[in-house]
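Quick notes on the structure that follows.
All of the numbers you see were taken from the coordinates with simple rules; none came from a lab. Since this is a predicted model, take the numbers as computed values, not measurements. Glycine also receives a Cβ, built like all others from the backbone with ideal geometry; neighbour counts cover every protein chain displayed.
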Ligand code: ATR
């Protein structure tokens, strides 16, 4: 690989399509506030062109980039080096070049935990039981995050039960697969309830869950951020629960990439949150 064409660091988000991505808004905000002379671009790259695009990163002057659908699995396969988290999840959403090698991380787990740390501080103290709705890629990253934080037990409930069973089998006996019919019972002993499905997203039916069995100090989290406040988050707030909406995870998952590309750890400030929330609200 040849060195970058110029000294100003640049990064991008690679997807197909990618125009909807809010990563440019987030990273350009940080570049501006931290007065870094760098740039962050959108890279619309079809699957067939993705390996060549990434192999050409350095020559194009990129320090790295974010990877979104449908490239996250291929990105993992192309990496010379990955973090422990990415190796476990087999999916990469953040790429960078180090000593000429293509490196990859999955920052969704850190993003989830970072959002809860900020929006529901102390959530993992005496943390015992979580209930996760869904068993896709996001659920997998969140199970990983919860394990790192010392969670003792996770109940997994998914429309397609076999998919939940597959996820559970990758993590061991502390993950138990349940049915939707079991929800009242499992909620009664839960510290944390998380929706990782697309239910509640704009254009989708809400995730209709009776929260009344949930202990009052339980935290409710939803990874959906369009709309900013889902019916689940609204219902949780109405019952007095601490509720963490999906925008926090979106913002926090961006932190590690920015730090790697531009050399400064950015903060998820109320101002940044306001900018991103305004952008989301404008399209709803
Ligand atoms: P992601 O990477 O965002 O997790 P995914 O891997 O496609 O996306 O997973 C989506 C999750 O949302 C899955 O758990 C999916 O359930 P299935 O495994 O049964 O497909 C869940 N999901 C999507 N639409 C849903 C719906 N209308 N009702 C219930 N669950 C739904």
Report the percentage of all Cα-Cα pairs in region 142-182 whose separation exceeds 12 Å, rounded to a whole percent. 55
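For the peptides 51-62, 91-102, what is the packing order when you average, over each peptide's residues, the other Cβ atoms within 10 Å and list the highest mean first? Intermediate results must be reported in sequence, preceding the final value.
Values: 51-62: 16.2, 91-102: 19.7.
Most protected by this proxy first, the peptides run 91-102, 51-62.
Over all directions, how big on average is the projection of the convex hull of the alpha-carbon atoms in region 34-163, in square nanometres? Before the final figure, lay out the partial values.
Numbers: hull surface 41.4 nm².
The orientation-averaged projected area of the Cα hull of region 34-163 comes to 10.3 nm².
Calculate, in whole percent, how much of the Cα-Cα pair population of region 130-216 lies beyond 16 Å. Mind showing how you got there, number by number?
Values: 1844 of 3741 pairs.
Every Cα pair in region 130-216 considered, those over 16 Å come to 49 percent.
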Mind checking which of 164, 208, 141 has the largest fluctuation in a GNM of the chain, springs on alpha carbons under 10 Å? 208
Relative intensity, log₁₀ I(q)/I(0), of region 87-129 from a Debye sum that treats every alpha carbon as a point, q = 0.14, 0.30 Å⁻¹: -0.49, -1.00
Return the FRET efficiency for the residue pair residue 37, residue 90: r is the Cβ-Cβ distance, R0 is 25 Å, and the value is rounded to the nearest 0.05. 0.10
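Full extension from residue 73 to residue 161: what is 0.36 nm times the residue separation minus their Cα-Cα distance, to one decimal in nm? Kindly include the intermediate steps, with their values, before the conclusion.
Details: separation 88, 0.36 × 88 = 31.68 nm, distance 2.29 nm.
Stretched out fully, the residue 73 to residue 161 stretch lengthens by 29.4 nm.
Restricting to DSSP H runs of at least four residues, report the calculated mean residue ellipticity at 222 nm for the chain, -39500 (n - 2.57) per run over all residues, nearest 500 deg cm²/dmol.
Numbers: 12 runs with 106 residues, N = 284.
Counting only the DSSP helices, I get -10500 deg cm²/dmol.
Contour minus end-to-end for residue 148 and residue 188, with contour as 0.36 nm per residue of separation and end-to-end as the Cα-Cα distance?
12.0 nm
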Cα convex hull of the chain: mean projected area in nm², to one decimal? 14.6
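Cα-Cα pairs above 19 Å in region 178-246: how many percent? All intermediate terms of the calculation are to be shown ahead of the outcome.
Numbers: 614 of 2346 pairs.
In whole percent, the long-distance tail amounts to 26.
Quick one: if you take sqrt(5λ) for each eigenvalue of the C-alpha gyration tensor of region 1-75, what semi-axes come out, biggest first, whole angstrom?
On the way: eigenvalues 86, 59, 11 Å².
Three semi-axes, in Å: 21, 17, 7.
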Calculate how steeply helix 270-283 sits against the longest principal axis of the alpha-carbon atoms of the chain, using the helix alpha-carbon long axis, and give the answer as 0 to 90 degrees to the nearest 10. 80
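Report the calculated FRET efficiency for residue 98 and residue 271 (r = Cβ-Cβ distance, R0 = 35 Å), to the nearest 0.05.
Numbers: r = 31 Å, r/R0 = 0.89.
FRET efficiency, residue 98 to residue 271: 0.65.
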Where the eigenvalues come from the Cα gyration tensor of region 46-113, what are the semi-axes √(5λ) of the equivalent ellipsoid, largest first, in whole Å? 19, 13, 10
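With N denoting the number of residues in region 193-284, provide Rg(C-alpha) divided by 2.2 N^0.38 Å, to two decimal places. Working shown, then result.
Values: Rg = 14.7 Å, N = 92, 2.2 N^0.38 = 12.3 Å.
Taking N as the residue count of region 193-284, the ratio is 1.20.
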Counting DSSP beta bridges in the chain, what percent are antiparallel, to the nearest 5? 20
Length gained if residue 178 through residue 55 is fully extended, taking 0.36 nm per residue and subtracting the Cα-Cα distance, is 40.0 nm
Connecting C-alpha atoms closer than 10 Å in a GNM of the chain, tell me which of 75, 115, 19 has the biggest fluctuation. 19
Which of 241, 27, 252 moves the most in a Gaussian network model of the chain with Cα springs under 10 Å? 241
